[in-house]
Amino acid sequence: MNLVGKKAPNISTGAVINGEEIVENFSLDQYIGKKNVILFFYPKDFTFVCPTEIHAFQEKLEEFEKRDTVVIGCSTDTEETHLAWLTTPKDNGGIEGVTYPLIADASKIVSLNYGVLGGRYHFDRENNTWSFEGIPVAYRGTFLIDKEGIVRHSSVNDLPLGRNIDEYIRLIDAQIHVEKYGEVCPANWEEGEEAMVATKEGVSNYLSQASVHN
(Lines give C-alpha, C1' and ligand atoms only; values in the text may rest on other atoms or scores of the structure.)
Protein backbone atom coordinates (compact mmCIF):
# COMPACT_ATOMS: atom_id res chain seq x y z
CA MET A 1 0.00 0.00 0.00
CA ASN A 2 1.46 3.36 -1.04
CA LEU A 3 0.21 6.33 0.97
CA VAL A 4 2.74 8.91 -0.23
CA GLY A 5 1.02 11.98 -1.65
CA LYS A 6 -2.30 10.95 -0.11
CA LYS A 7 -4.22 12.04 2.95
CA ALA A 8 -3.04 10.15 6.02
CA PRO A 9 -5.67 7.64 7.20
CA ASN A 10 -7.75 8.93 10.06
CA ILE A 11 -6.88 7.79 13.58
CA SER A 12 -9.30 7.83 16.48
CA THR A 13 -8.26 5.47 19.23
CA GLY A 14 -6.86 5.25 22.74
CA ALA A 15 -3.35 6.41 23.60
CA VAL A 16 -1.02 7.25 26.45
CA ILE A 17 0.23 10.84 26.47
CA ASN A 18 2.94 12.53 28.55
CA GLY A 19 4.07 9.08 29.67
CA GLU A 20 1.29 8.77 32.22
CA GLU A 21 -2.20 9.74 31.03
CA ILE A 22 -4.60 7.50 29.09
CA VAL A 23 -6.89 9.26 26.62
CA GLU A 24 -9.75 7.56 24.78
CA ASN A 25 -9.97 9.41 21.46
CA PHE A 26 -6.52 10.34 20.23
CA SER A 27 -6.64 11.77 16.69
CA LEU A 28 -4.16 13.16 14.17
CA ASP A 29 -6.69 15.87 13.28
CA GLN A 30 -5.48 17.92 16.24
CA TYR A 31 -2.24 18.62 14.34
CA ILE A 32 -3.77 19.71 11.01
CA GLY A 33 -2.54 23.20 10.14
CA LYS A 34 -0.23 23.22 13.16
CA LYS A 35 2.41 20.48 13.16
CA ASN A 36 4.23 17.97 11.00
CA VAL A 37 3.96 14.43 12.32
CA ILE A 38 6.37 11.52 12.46
CA LEU A 39 4.18 8.49 13.03
CA PHE A 40 6.13 5.31 13.65
CA PHE A 41 4.89 1.77 14.20
CA TYR A 42 6.72 -0.85 16.23
CA PRO A 43 5.89 -4.53 16.81
CA LYS A 44 5.27 -4.92 20.51
CA ASP A 45 5.77 -3.58 24.02
CA PHE A 46 8.24 -5.31 26.34
CA THR A 47 10.43 -6.52 23.48
CA PHE A 48 14.00 -5.92 22.33
CA VAL A 49 14.73 -3.64 19.35
CA CYS A 50 11.59 -1.61 20.09
CA PRO A 51 12.77 0.11 23.31
CA THR A 52 16.04 1.17 21.66
CA GLU A 53 14.07 2.94 18.91
CA ILE A 54 11.55 4.46 21.31
CA HIS A 55 14.32 5.90 23.49
CA ALA A 56 16.21 7.08 20.39
CA PHE A 57 13.17 9.10 19.27
CA GLN A 58 12.89 10.57 22.77
CA GLU A 59 16.56 11.57 22.74
CA LYS A 60 15.98 13.50 19.49
CA LEU A 61 12.58 14.89 20.51
CA GLU A 62 13.88 18.43 20.94
CA GLU A 63 15.24 18.39 17.38
CA PHE A 64 11.84 17.33 16.05
CA GLU A 65 10.09 20.00 18.12
CA LYS A 66 12.41 22.69 16.70
CA ARG A 67 11.02 21.71 13.30
CA ASP A 68 7.35 21.99 14.35
CA THR A 69 7.12 18.20 14.33
CA VAL A 70 5.50 15.85 16.81
CA VAL A 71 6.55 12.23 17.26
CA ILE A 72 3.91 9.55 17.79
CA GLY A 73 4.49 5.84 18.35
CA CYS A 74 2.00 3.05 17.71
CA SER A 75 1.80 -0.68 18.33
CA THR A 76 -0.97 -3.26 18.55
CA ASP A 77 -0.78 -3.28 22.35
CA THR A 78 -3.41 -1.81 24.69
CA GLU A 79 -3.21 1.52 26.51
CA GLU A 80 -2.70 -0.35 29.78
CA THR A 81 0.27 -2.28 28.39
CA HIS A 82 1.78 0.94 27.07
CA LEU A 83 1.38 2.54 30.49
CA ALA A 84 2.94 -0.44 32.25
CA TRP A 85 5.97 -0.26 29.95
CA LEU A 86 6.22 3.53 30.35
CA THR A 87 6.52 3.07 34.10
CA THR A 88 9.19 0.38 33.81
CA PRO A 89 12.77 1.69 34.30
CA LYS A 90 15.35 1.50 31.52
CA ASP A 91 17.53 -0.87 33.52
CA ASN A 92 14.63 -3.33 33.50
CA GLY A 93 14.01 -3.05 29.76
CA GLY A 94 11.38 -0.32 30.10
CA ILE A 95 10.73 3.03 28.43
CA GLU A 96 10.34 5.20 31.51
CA GLY A 97 10.95 8.85 30.62
CA VAL A 98 9.31 8.75 27.18
CA THR A 99 6.88 11.69 26.88
CA TYR A 100 5.48 11.60 23.34
CA PRO A 101 2.15 9.84 22.63
CA LEU A 102 1.92 6.08 22.20
CA ILE A 103 -1.18 4.95 20.30
CA ALA A 104 -2.94 1.73 21.29
CA ASP A 105 -4.00 -0.29 18.25
CA ALA A 106 -5.36 -3.46 19.84
CA SER A 107 -7.96 -3.73 17.08
CA LYS A 108 -5.13 -3.58 14.50
CA ILE A 109 -7.21 -1.18 12.39
CA VAL A 110 -4.63 1.64 12.43
CA SER A 111 -1.79 -0.70 11.41
CA LEU A 112 -4.02 -2.20 8.73
CA ASN A 113 -4.98 1.22 7.33
CA TYR A 114 -1.33 2.23 7.12
CA GLY A 115 -0.34 -1.01 5.41
CA VAL A 116 2.12 -2.17 8.06
CA LEU A 117 0.24 -5.02 9.72
CA GLY A 118 2.09 -8.32 9.51
CA GLY A 119 -0.99 -10.29 8.52
CA ARG A 120 -4.57 -9.85 7.39
CA TYR A 121 -8.16 -10.42 8.40
CA HIS A 122 -9.99 -13.20 6.59
CA PHE A 123 -13.77 -13.61 6.33
CA ASP A 124 -15.08 -17.17 6.25
CA ARG A 125 -18.30 -16.92 4.25
CA GLU A 126 -19.33 -20.45 5.05
CA ASN A 127 -19.24 -19.89 8.81
CA ASN A 128 -19.84 -16.13 8.66
CA THR A 129 -16.82 -15.46 10.89
CA TRP A 130 -13.66 -13.37 10.81
CA SER A 131 -10.20 -14.71 11.62
CA PHE A 132 -6.68 -13.29 11.51
CA GLU A 133 -3.92 -14.84 9.44
CA GLY A 134 -0.24 -14.02 9.83
CA ILE A 135 1.79 -12.12 12.43
CA PRO A 136 -0.61 -9.95 14.48
CA VAL A 137 1.84 -7.09 15.04
CA ALA A 138 3.01 -4.06 13.07
CA TYR A 139 6.20 -3.92 11.05
CA ARG A 140 8.51 -0.96 11.68
CA GLY A 141 6.66 1.51 9.48
CA THR A 142 7.50 5.23 9.59
CA PHE A 143 5.45 8.05 8.06
CA LEU A 144 6.19 11.75 7.64
CA ILE A 145 2.88 13.62 7.52
CA ASP A 146 2.92 17.34 6.70
CA LYS A 147 0.81 20.07 8.31
CA GLU A 148 -1.94 19.54 5.76
CA GLY A 149 -2.22 15.88 6.73
CA ILE A 150 -0.55 14.58 3.56
CA VAL A 151 1.92 11.68 3.74
CA ARG A 152 5.28 12.84 2.33
CA HIS A 153 7.41 9.82 3.21
CA SER A 154 6.86 6.22 4.20
CA SER A 155 9.22 3.35 4.89
CA VAL A 156 8.77 -0.10 6.37
CA ASN A 157 11.46 -2.20 8.04
CA ASP A 158 11.19 -5.89 8.82
CA LEU A 159 10.90 -6.78 12.51
CA PRO A 160 14.64 -7.26 13.31
CA LEU A 161 15.81 -4.05 11.55
CA GLY A 162 16.02 -0.92 13.69
CA ARG A 163 15.64 2.60 12.30
CA ASN A 164 18.10 5.49 11.94
CA ILE A 165 16.33 8.38 13.67
CA ASP A 166 18.59 11.05 12.16
CA GLU A 167 17.28 10.16 8.69
CA TYR A 168 13.80 11.35 9.65
CA ILE A 169 15.18 14.66 10.84
CA ARG A 170 16.93 15.01 7.48
CA LEU A 171 13.69 14.23 5.65
CA ILE A 172 11.80 16.85 7.65
CA ASP A 173 14.50 19.40 6.83
CA ALA A 174 14.12 18.50 3.16
CA GLN A 175 10.33 18.82 3.28
CA ILE A 176 10.59 22.21 5.01
CA HIS A 177 13.11 23.38 2.38
CA VAL A 178 10.85 22.30 -0.49
CA GLU A 179 7.88 24.11 1.04
CA LYS A 180 9.85 27.29 1.74
CA TYR A 181 11.92 27.64 -1.42
CA GLY A 182 10.19 25.52 -4.03
CA GLU A 183 13.43 23.71 -4.79
CA VAL A 184 13.98 19.95 -4.78
CA CYS A 185 16.51 18.16 -2.59
CA PRO A 186 19.04 15.86 -4.30
CA ALA A 187 20.65 12.67 -3.00
CA ASN A 188 22.25 12.92 0.44
CA TRP A 189 21.07 16.52 0.84
CA GLU A 190 21.31 17.99 4.33
CA GLU A 191 20.19 21.30 5.79
CA GLY A 192 22.52 24.13 4.72
CA GLU A 193 23.59 22.48 1.49
CA GLU A 194 22.64 23.53 -2.04
CA ALA A 195 19.39 22.20 -3.42
CA MET A 196 18.29 22.48 -7.05
CA VAL A 197 15.62 23.93 -9.28
CA ALA A 198 13.52 21.17 -10.86
CA THR A 199 14.45 21.98 -14.44
CA LYS A 200 16.95 20.64 -16.98
CA GLU A 201 19.11 23.69 -16.40
CA GLY A 202 18.78 23.29 -12.65
CA VAL A 203 20.06 19.71 -12.59
CA SER A 204 22.85 20.60 -15.03
CA ASN A 205 24.02 23.45 -12.81
CA TYR A 206 23.82 21.28 -9.70
CA LEU A 207 25.79 18.40 -11.23
CA SER A 208 28.39 20.83 -12.60
CA GLN A 209 28.90 22.32 -9.15
CA ALA A 210 29.08 18.85 -7.59
CA SER A 211 31.78 17.90 -10.09
CA VAL A 212 33.79 20.99 -9.19
CA HIS A 213 33.62 20.19 -5.46
CA ASN A 214 34.58 16.56 -6.08
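Looking only at region 18-32, how many residues end up being surrounded by 14 or more Cβ atoms within 10 Å (Cβ to Cβ) and either in contact with a helix residue (DSSP H, G or I) (Cβ under 6 Å, 6 or more places away or on another chain) or under 13 Å from ILE95 (Cα atoms) (or both)?
Result for region 18-32: 2.
Looking only at region 33-70, filter to residues that are among the β-branched types (Val, Ile, Thr) and over 17 Å from LEU171 (Cβ atoms); which one of those is surrounded by the most Cβ atoms within 10 Å (Cβ to Cβ)?
From region 33-70, those among the β-branched types (Val, Ile, Thr) are 37-38, 47, 49, 52, 54, 69-70; that's our starting set.
Checking the rest, the ones that are also over 17 Å from LEU171 (Cβ atoms) come to 47, 49, 52, 54.
Working: THR47: 15, VAL49: 16, THR52: 12, ILE54: 24.
Among them, the one singled out is ILE54.
Can you give me the ranges of the strands (runs of 3 or more DSSP E) entirely in region 71-151 with at least 3 residues that are buried (at least 20 other Cβ atoms within 10 Å of the Cβ)? Don't jump to the end; show me each part of the working.
Working: elements: 102-104, 117-124, 129-138, 140-145.
Answer list for region 71-151: 102-104, 140-145.
Here are PHE26, PHE64, PHE46: which of them is at pLDDT 95 or above, over 15 Å from the mean Cα position of the chain (by Cα), aromatic (Phe, Trp, Tyr) and outside any loop (DSSP other than H, G, I, E, B)? I'd like the intermediate steps shown before the answer.
Values: PHE64 fails: over 15 Å from the mean Cα position of the chain (by Cα); PHE46 fails: outside any loop (DSSP other than H, G, I, E, B).
After ruling out the rest, the residue left standing is PHE26.
Is one or more of the residues making up region 8-27 over 21 Å from LYS108 (Cα atoms) and among the β-branched types (Val, Ile, Thr)?
Taking region 8-27 and keeping what is over 21 Å from LYS108 (Cα atoms), we get 18-21.
Next, only the ones that are among the β-branched types (Val, Ile, Thr) stay: none.
The answer is no; no qualifying residue exists.
Going by the conditions given, is VAL203 more than 29 Å from the chain's Cα centre (by Cα), surrounded by fewer than 16 Cβ atoms within 10 Å (Cβ to Cβ) and not acidic (Asp, Glu)?
Values: more than 29 Å from the chain's Cα centre (by Cα): yes; surrounded by fewer than 16 Cβ atoms within 10 Å (Cβ to Cβ): yes; not acidic (Asp, Glu): yes.
Criteria met by VAL203.
Within region 8-19, take every residue that is closer than 16 Å to VAL71 by Cα and in a loop (DSSP other than H, G, I, E, B) and give me the one that is nearest to the chain's Cα centre (by Cα).
ALA8
From the residues in region 166-211 that are of a type in the set (S, T, N, Q) and in a loop (DSSP other than H, G, I, E, B), which one is farthest from LYS66 (Cα to Cα)?
Ranking the candidates gives THR199 first.
Being more than 25 Å from ASP45 (Cβ to Cβ) and in contact (Cβ under 8 Å) with a residue 40 or more places away in the chain narrows it down to one residue among ARG140, ARG152, ARG125; which is it? First the steps, then the outcome.
Working: ARG140 fails: more than 25 Å from ASP45 (Cβ to Cβ); ARG125 fails: in contact (Cβ under 8 Å) with a residue 40 or more places away in the chain.
Just one listed residue meets the conditions, ARG152.
Kindly provide the set of residues from region 29-43 that are charged (D, E, K, R) and assigned to a strand (DSSP E or B), ordered by number.
Quick first cut of region 29-43, residues charged (D, E, K, R) only: 29, 34-35.
Within region 29-43, none qualify.
Report every pair of residues separated by at least 6 positions or lying on different chains whose Cβ atoms are under 8 Å apart, first residue within region 12-27 and touching a residue at least 24 places away in the same chain (Cβ under 8 Å), second among the charged types (D, E, K, R) and in a loop (DSSP other than H, G, I, E, B).
Listed pairs, sorted by first residue: THR13/ASP105; GLY19/GLU96.
So THR129 ticks every box in (1) farther than 28 Å from GLU21 by Cβ; (2) at pLDDT 95 or above but one. Which box is left unticked?
Unmet for THR129, out of (1) farther than 28 Å from GLU21 by Cβ; (2) at pLDDT 95 or above: (2).
The values are calculated or read from the model by the stated rules, or taken from the named source; none is laboratory data. What you see is a predicted model, and the numbers here were worked out from it, not measured in a lab. As a convention, Cβ positions derive from the backbone with ideal geometry for all residues, glycine included, and neighbour counts pool all protein chains shown.
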